[in-house]
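In what follows, a structure is listed as structure tokens, so that the remarks can point back to it.
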Amino acid sequence: MNDKITIGTRKSFECAATIAHLAGFEEYNYENSDYSSYDEYFSKYMKDKRVKKAISHYKKLRTFGFSYDAIANISIYINPDCHTFRVNDKKILKENIQKRCGDPKKFLKFLADFYDATDFETFYQSQLPVYQNAVDLFLQNKDNLISGVSEFEKYFKTEVEGIYISVSPVIGQNNFGTSFKDGKNFYYEPHYMAGYYDLDLIIHELSHPQSKILVDEVVKNDEIMKLVSKFFTGEKKEIMIQQAYGTPEGYVNELINIANTISILKNFNDESYVSLHIFNNKMRRFDELKELTDLLDKYRLGEYKNQLEFLPEFEEGYLEILEEMSDEIKPFEFSAEDTKSFTLLGKTYVAEYCGFQDLTGFQNFTMRKYWRIKNAYNDFCNNSTYGYLPYNNYPFEVKEGEVYRIEYLMEDGSGYVMYLRSDGTIYENEPITSVFYAE
């Protein structure tokens with residue numbers, strides 16, 4: 001791509017990830033991916049003792065958290081021959097290969113045996129057209145990627161030595177923000193899904209190593225982690241476990257990285273696009289994300305040498321955000337159906353009640369009510385948006401140039417209000433209304 005960015009595949013990861021697929025790891029058996037070429041080729045080797053041992057070793061490591069990016073992490077330190085390490089320094093290997101990968105030497109032996117037993121080189125060569133198509137997609141977006149990396153460097157105040165993006169069909173829609181150290185230099189070596197290009201996701205994975213520098217200090221702050229743990233319960237914890245962030249530390253790691261990614265996006269995307277990113281991630285229960293991205297604006301717009309220099313302010317600000325959060329359920333009351341007006345940003349508007357919908361059985365909602373806010377569109381047509389709702393979600397005809405209020409009631413008695421406007425926008429071949437900030 002240029003003197004910093006290379007796109008390709010990493011044979012050691014493809015081999016290691018294939019074992020994970022055969023071992024039944026969910027994240028390497030993505031339901032919408034086609035694994036027929038893998039299953040057809042390797043079915044004839046499943047009775048081989050070396051293959052059985054490799055799969056058994058993976059399953060044992062799984063109990064220690066060997067999953068997702070851990071497989072990518074150790075693979076990066078293995079040469080394409082799948083028999084030797086890229087560095088011989090035991091200290092470097094110990095410091096950079098995650099503990100959940102087990103004994104690196106033992107892992108390498110099982111990988112090498114599997115590689116030999118299955119003639120993995122032949123399978124790898126058969127996959128070259130798939131890899132080439134994935135690489136071509138990156139080449140089509142070359143300028144966009146180079147610009148994104150430039151913004152990444154500016155934000156983190158760092159000079160990138162090298163980036164090797166490894167595209168892989170076996171990881172489905174997962175992406176892993178891994179990196180490689182040879183004792184002298186630091187290289188970003190993320191793994192990315194094949195057949196797809198999204199600069200935001202690439203920036204997200206590139207940011208992980210930089211975010212970790214900040215995260216490693218934040219998780220040492222007992223006051224912060226005590227409050228994070230307080231809110232890391234119930235439904236939120238279950239949702240995070242489903243996303244592979246099953247501990248408070250894992251949550252903070254992903255939260256801060258998302259916040260950093262969004263802060264970088266602010267430099268080359270419009271405000272509505274950034275707001276949508278925040279909204280979507282808050283729906284994933286990264287609850288304090290907007291407040292954290294606002295906090296990081298001080299770093300982004302300031303004269304700090306790096307994020308560590310900003311750490312004291314970040315910790316102080318994050319603590320304030322957490323202290324203002326509440327785990328108490330706030331009762332929500334619907335507006336009466338004969339309500340004739342609402343006040344938005346200090347101005348009172350006439351309202352027309354438009355009916356309700358029973359949402360029982362849909363996630364944790366119970367009901368929503370609708371109002372049409374009259375003569376309000378021109379006042380809010382330029383407000384930032386952060387989500388959308390298709391026309392077919394309304395129990396009445398939606399017209400362009402109108403504003404709506406929707407009140408939601410949840411199963412636990414809590415609720416919230418959203419204001420939406422109909423701009424005539426079409427998304428995925430259907431008309432939508434856009435959620436906008438009205439406070």
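The values are calculated or read from the model by the stated rules, or taken from the named source; none is laboratory data. No experiment lies behind these values; they were computed from the predicted model shown. Quick reminder, even Gly has a Cβ in these numbers, built from the backbone with ideal geometry, and neighbours come from all protein chains shown. Heavy atoms of the whole protein, side chains included, go into the accessibility calculation; ligands, DNA and RNA do not. Shrake-Rupley method; radii C 1.70, N 1.55, O 1.52, S 1.80 Å.
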Hits in region 133-145 (condition: touching a helix residue (DSSP H, G or I) at 6+ places or on another chain (Cβ under 9 Å) and open to solvent by 50 Å² or more (accessible area, probe 1.4 Å)): ASN144
Sole exception among (1) closer than 19 Å to PRO209 by Cβ; (2) of a type in the set (Ser, Thr, Tyr); (3) at pLDDT 95 or above for TYR58, by number: (1)
Every residue from region 157-168 that is open to solvent by 10 Å² or more (accessible area, probe 1.4 Å) and modelled with pLDDT of 95 or more: TYR164
Count - residues of region 397-416 that are open to solvent by less than 60 Å² (accessible area, probe 1.4 Å) and in contact with a Pro (Cβ under 9 Å, 6 or more places away or on another chain): 4
Total residues in region 24-45, condition assigned to a loop (DSSP other than H, G, I, E, B) and out of contact with any Ser or Thr (no Cβ under 7 Å at 6 or more places or on another chain): 8
Residue pairs meeting the criteria (Cβ under 7 Å; at least 6 apart or on separate chains; first over 12 Å from TYR437 (Cα atoms), in region 271-286; second open to solvent by 20 Å² or more (accessible area, probe 1.4 Å) and modelled with pLDDT under 80): ILE278/TYR386
Residues of region 26-51 classified as open to solvent by less than 70 Å² (accessible area, probe 1.4 Å) and either more than 18 Å from PHE120 (Cβ to Cβ) or touching a Cys at 6+ places or on another chain (Cβ under 7 Å) (or both), total: 4
Every residue from region 31-45 that is closer than 16 Å to TYR131 by Cβ and among the hydroxyl-bearing types (Ser, Thr, Tyr): SER33, TYR35, SER37, TYR38, TYR41
Pair list, Cβ under 9 Å, 6 or more apart: region 185-199 residue of a type in the set (D, E, K, R), other residue open to solvent by 40 Å² or more (accessible area, probe 1.4 Å): GLU189/TYR164
Matching option when the condition is touching a Lys or Arg at 6+ places or on another chain (Cβ under 8 Å) and buried (at least 18 other Cβ atoms within 10 Å of the Cβ), among ASP113, ASP69: ASP113
In region 146-156, residue nearest to ALA134 (Cα to Cα) [restricted to those that are open to solvent by 30 Å² or more (accessible area, probe 1.4 Å) and in contact (Cβ under 8 Å) with a residue 12 or more places away in the chain]: ILE146
Test: residue in region 7-23 that is open to solvent by 50 Å² or more (accessible area, probe 1.4 Å) and part of a helix (DSSP H, G or I): no
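From the list TYR353, TYR349, TYR394, TYR304, exactly one residue is open to solvent by 20 Å² or more (accessible area, probe 1.4 Å), aromatic (Phe, Trp, Tyr) and over 30 Å from GLU159 (Cβ atoms). Which is it?
TYR353
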Selection from region 135-146 of residues that are within 18 Å of ILE203 (Cβ to Cβ) and among the hydrophobic types (A, V, I, L, M, F, W, C): LEU137, PHE138, LEU145, ILE146
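Identify all residues within region 370-387 that are without any contact (Cβ under 8 Å) to a residue 60 or more places away in the chain, open to solvent by 20 Å² or more (accessible area, probe 1.4 Å) and in contact with a strand residue (DSSP E or B) (Cβ under 6 Å, 6 or more places away or on another chain); write none if there are none.
Answer for region 370-387, where residues must be without any contact (Cβ under 8 Å) to a residue 60 or more places away in the chain, open to solvent by 20 Å² or more (accessible area, probe 1.4 Å) and in contact with a strand residue (DSSP E or B) (Cβ under 6 Å, 6 or more places away or on another chain): ARG372, LYS374, TYR377, ASN383.
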Residue, farthest from GLU161 (Cα to Cα), within region 187-240, restricted to residues that are outside any helix (DSSP H, G or I) and charged (D, E, K, R): LYS220
Residue satisfying condition, being touching a helix residue (DSSP H, G or I) at 6+ places or on another chain (Cβ under 7 Å), closer than 17 Å to GLU315 by Cβ, open to solvent by 20 Å² or more (accessible area, probe 1.4 Å) and of a type in the set (A, V, I, L, M, F, W, C), within set ILE256, ILE213, ILE224: ILE213
Criterion: part of a strand (DSSP E or B), loosely packed, with under 11 Cβ neighbours inside 10 Å and free of Cβ contacts under 8 Å to residues at least 12 places away in the same chain - qualifying residue of THR360, THR343: THR343
